[in-house]
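So the structure is just underneath, and the comments pick up after that.
The values are calculated or read from the model by the stated rules, or taken from the named source; none is laboratory data. Keep in mind the model is a prediction, meaning the values are calculated, not measured. Glycine also receives a Cβ, built like all others from the backbone with ideal geometry; neighbour counts cover every protein chain displayed. The protein model used for the area step is the full one, side chains on, heavy atoms only, and it has no ligands, DNA or RNA in it. Shrake-Rupley method; radii C 1.70, N 1.55, O 1.52, S 1.80 Å.
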Amino acid sequence: MYDYKEKYGQYLTRVEARIEKFYSDTRCKPEILDESIKYSLKSGGKRFRPVLMLASADLVGANECGVEDYALALELIHTYSLIHDDLPEMDNDDYRRGRPSNHKVFGAGNAVLAGDGLLNTAYYMLFERCEDGKLFADAAKFMCDCAGVKGMIAGQSADLYSAEKGIKDADILDFIVKNKTGKLISAATAVPAILAGGRYFPELRQFGEDLGRLFQLTDDVLDEEGKFEKLGKTAGKDKDENKLTYVTFYGVDQCRVLADIMCSRCLGILEGIDGDTQFLRDIVNFVRYREA
């Protein structure tokens with residue numbers, strides 16, 4: 001009988017096994033670089049994005065394509081982004097997942113290098129898979145684009161700029177969320193579609209972007225109302241730092257309404273996909289009602 005938590009655990013086991021292999025295969029010098037990279041990568045978390053990728057691969061039949069390598073690359077990119085995001089020059093957070101942020105343990109310079117190392121290693125892994133054929137190269141290209149200056153980095157830049165200038169604009173807010181959060185989540189759902197020859201690519205790319213919006217809506221509400229004990233990071237910083245977020249623009253109550261709308265949109269996309277979408281439906285509901 002299907003059980004969401006059990007199924008999530010099965011995907012998580014596959015993700016952790018691939019990460020463990022990465023640990024054993026990777027020995028960086030000097031030792032502080034090795035320690036700082038693995039400190040953040042080993043800090044736990046739900047591994048939401050790689051789990052989502054494996055589940056999407058199951059849906060479109062791409063699990064025979066070595067999708068674990070893409071899932072690992074995605075987690076390396078996500079972890080690099082968290083290290084840099086916590087830096088004093090960015091979001092300036094001293095905690096991540098209940099532990100001191102990388103720069104609080106190893107210093108800002110080493111944290112930058114750890115993030116750079118994770119990103120470059122992820123790209124190296126993706127470049128290696130390009131040798132397997134055009135679909136693999138297209139999948140790698142898509143993921144790199146999601147992480148780059150037309151994706152996550154663009155969103156982060158707009159996030160910093162809007163806070164500095166005190167900008168309050170709905171279109172800029174959507175640009176920030178679509179790129180800073182949504183692009184990596186869309187990579188998790190769209191890359192398997194590419195590996196499967198484009199099966200449901202437009203639907204799964206849009207599903208990932210909308211799921212990213214839903215993720216950010218709940219994240220912004222949690223930043224306003226959540227507690228450190230559950231979040232594992234400092235709450236209430238968005239308002240203090242004049243960030244343009246869903247909550248600072250719309251308010252908490254309207255964010256809950258928007259989250260319900262976005263949840264329905266995600267579920268509606270899945271209704272148009274032929275296959276067993278139950279786990280992805282449960283993921284949507286988990287994101288909508290998560291508490292951390």
Practice problem: Write down, largest first, the equivalent ellipsoid semi-axes of the range 164-292 in whole Å, where each equals the square root of 5 times an eigenvalue of the alpha-carbon gyration tensor. | Solution: 28, 16, 13
Quiz item: Looking at this model, which pairs from LYS104/LYS168; LYS42/LYS134; LYS46/LYS141; LYS183/LYS243; LYS168/LYS237 are more than 24 angstrom apart at the alpha-carbon?
Solution: LYS104/LYS168; LYS42/LYS134; LYS46/LYS141
Quiz prompt | Kirkwood hydrodynamic radius of the chain, Cα pairs, Å | solution = 19.3
Quiz prompt | Radius ratio Rg over Rh of the range 1-106, counting only Cα atoms, Kirkwood formula for Rh | solution = 1.02
Exercise. Go ahead and run the numbers for FRET between ASP240 and ALA292, Cβ-Cβ distance against an R0 of 22 Å, rounding to 0.05.
Key: 0.60
Quiz item: For the chain, what is the mean residue ellipticity at 222 nm derived from helices alone (per DSSP H run of n ≥ 4: -39500 (n - 2.57); sum divided by total residues; nearest 500 deg cm²/dmol)?
Solution: -23000 deg cm²/dmol
Quiz item: Within the accessible area of the chain, what % is carbon and sulfur when the probe is 1.4 Å and the other protein chains stay in place?
Solution: 52
Quiz item: Distance in nm between label sites at LEU12 and ASP276, each 7 Å beyond Cα in the beta-carbon direction?
Solution: 2.0
Quiz item: ASP169 to VAL257: extension gain in nm, 0.36 nm per residue of separation minus the Cα-Cα distance?
Solution: 29.8 nm
Quiz prompt | Inverse mean reciprocal Cα-Cα distance (Kirkwood Rh) of the range 80-223, Å | solution = 16.3
Exercise. Return, for the Cα atoms of the range 173-223, the radius of gyration and Dmax in Å, separated by a comma.
Key: 11.6, 39
Quiz prompt | Probe 1.4 Å, protein heavy atoms only - accessible area per residue of the range 1-141 in square angstrom | solution = 47
Self-check item: Kirkwood hydrodynamic radius of the range 48-157, Cα pairs, Å
Solution: 14.9
Quiz item: According to the Cα gyration tensor, what semi-axes, each the square root of 5 times an eigenvalue, does the equivalent ellipsoid of the range 136-183 have, listed from largest to smallest in whole Å?
Solution: 25, 9, 5
